[in-house]
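The values are calculated or read from the model by the stated rules, or taken from the named source; none is laboratory data. Just so we're clear, the structure is a prediction, and the values are computed from it rather than from any experiment. Cβ placement follows ideal geometry from the backbone for every residue including glycine, while neighbour counts extend to all protein chains displayed.
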Amino acid sequence: MRKTSAVERPDLKYAAYARERLAAMPPPADPEAFSLAYHLLHLSYLVVADLESQVHRPRGWTLPGFRLMFKLWLLGPTQPARLAEISAMSRAAVTNAVNTLERDGLVERRPVPDDRRAVEAALTPKGEQAVREAFADQTRREQQWFTALSPDERSVLTDLLVRVLANRPQDTET
């Protein structure tokens, strides 16, 4: 099967067309900002959809559910409010995800040792084993996505994305 070149891909052809049309428009049209945002959003959507379909849905999970388990794997027991803060998720979304993961025996709630009214989420042994396996599969898939970039290019792209995230507009809630 022949691989489609970037020039032939309909999604990339559309982006080039839209950028060209915007370049002919007066301000506030910004073809460079459009192109960057379009490609970043498109890539994000494709990577998320791919990871969910290839790695997480076969396990009965969502990518956000995996992300919470991954954080618990790295951090250890963590309060749901903290998970929401570092996950760009609402507390309600974290609670729903923890409920699902708890129902499946992957996560458990425990009282916080210093504050019996508070609870923290923690991986169960089954959850720890599951997240290790999913992490290995996701890592392999992520590597496949970024094979077009050299290690140096990957590092530069990561640094640029971190800079944009660190300087995002202040009225952004997540």
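Every condition in (1) of a type outside the set (G, A, S); (2) assigned to a loop (DSSP other than H, G, I, E, B); (3) assigned by TED's automatic domain parsing to the domain that holds A136 is met by F66 except one, and the failing one is (2).
With respect to Y45, determine if the residue is within 14 Å of the chain's Cα centre (by Cα), loosely packed, with under 13 Cβ neighbours inside 10 Å and outside the structural domain of R141 (by TED's automatic domain parsing). For Y45, the condition - within 14 Å of the chain's Cα centre (by Cα), loosely packed, with under 13 Cβ neighbours inside 10 Å and outside the structural domain of R141 (by TED's automatic domain parsing) - is met. Once segment 145-174 is narrowed to residues that are polar (S, T, N, Q) and either surrounded by 10 or more Cβ atoms within 10 Å (Cβ to Cβ) or under 16 Å from the mean Cα position of the chain (by Cα) (or both), the residue that is modelled with the lowest pLDDT is T174.
Restrict the check to segment 7-29 and report whether at least one residue is surrounded by 12 or more Cβ atoms within 10 Å (Cβ to Cβ), outside any helix (DSSP H, G or I) and at pLDDT 95 or above. Scanning segment 7-29, I find no residue that is surrounded by 12 or more Cβ atoms within 10 Å (Cβ to Cβ), outside any helix (DSSP H, G or I) and at pLDDT 95 or above, so the answer is no. Among the residues of segment 93-114, those that are part of a strand (DSSP E or B), farther than 13 Å from R67 by Cα and either under 17 Å from the mean Cα position of the chain (by Cα) or touching a residue at least 12 places away in the same chain (Cβ under 8 Å) (or both) comprise E108, R109, R110, V112.
Being assigned to a helix (DSSP H, G or I) and within 21 Å of the chain's Cα centre (by Cα) is the filter here; which residues of segment 115-128 pass it? Walk me through how you get there before you give the answer.
Taking segment 115-128 first, the residues assigned to a helix (DSSP H, G or I) are 125-128.
Listed by number, the residues that qualify are G127, E128.
For segment 81-109, the set of residues classified as of a type in the set (K, R) and surrounded by 12 or more Cβ atoms within 10 Å (Cβ to Cβ) consists of R82, R91, R109, listed by residue number.
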